[in-house]
1. Would you look at the GNM of the chain, springs on alpha carbons closer than 10 Å, and say which of 79, 102, 63 moves the most?
2. Using only Cα atoms and rounding to the nearest 10 degrees, what angle (0 to 90) does helix 12-36 make with the longest principal axis of the chain?
3. Given the -39500 (n - 2.57) contribution per DSSP H run of 4+ residues, what per-residue ellipticity at 222 nm results for the chain, rounded to the nearest 500 deg cm²/dmol?
4. Compute the distribution of all C-alpha to C-alpha distances in region 18-109, in bins of 5 Å from 0, and list the percent of pairs in each, rounded to whole numbers.
């Protein structure tokens, strides 16, 4: 079985042309790359300025968001402090009201005790007067 070597293979001139074309293309890409990286190239300067402007704008937005977060946090903290103060005032007012009611109850109990003591003394006095009257009547009969 013999192999046909001419089928599918390149002729010398065609192969060399393809190699030189590939080499020239690589060289062109390399030169374009080297030329594009010049720091004073207007396109490079413009892209750098655009990136710098975008970076500055991004940092400004971040700073603005951070300031807004800080402001919201301060508002929340202020609201929390106000709410705590309000609860403390309400608590103290309730304690004062409870103390006032307890004092009123104590005074009312003391007044009831005094009133009961007065009634008890009046009852004793009436009972003694009735007893003395009975005794006087008995003495007056005999």
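1. Ranking 79, 102, 63 by mean-square fluctuation puts 102 first.
2. Helix 12-36 sits roughly 40 degrees off the main axis of the chain.
3. Numbers: 2 runs with 125 residues, N = 142.
Helices in the chain give a 222 nm mean residue ellipticity of -33500 deg cm²/dmol.
4. For region 18-109, the pair-distance distribution reads 3, 10, 7, 8, 6, 7, 6, 6, 6, 5, 5, 4, 4, 4, 3, 3, 3, 3, 2, 2, 2, 1, 1, 0.
Values quoted throughout were computed directly from the atomic coordinates according to the rules given, and no laboratory measurement underlies them. All of these numbers come straight from a predicted model, not from anything done at the bench.
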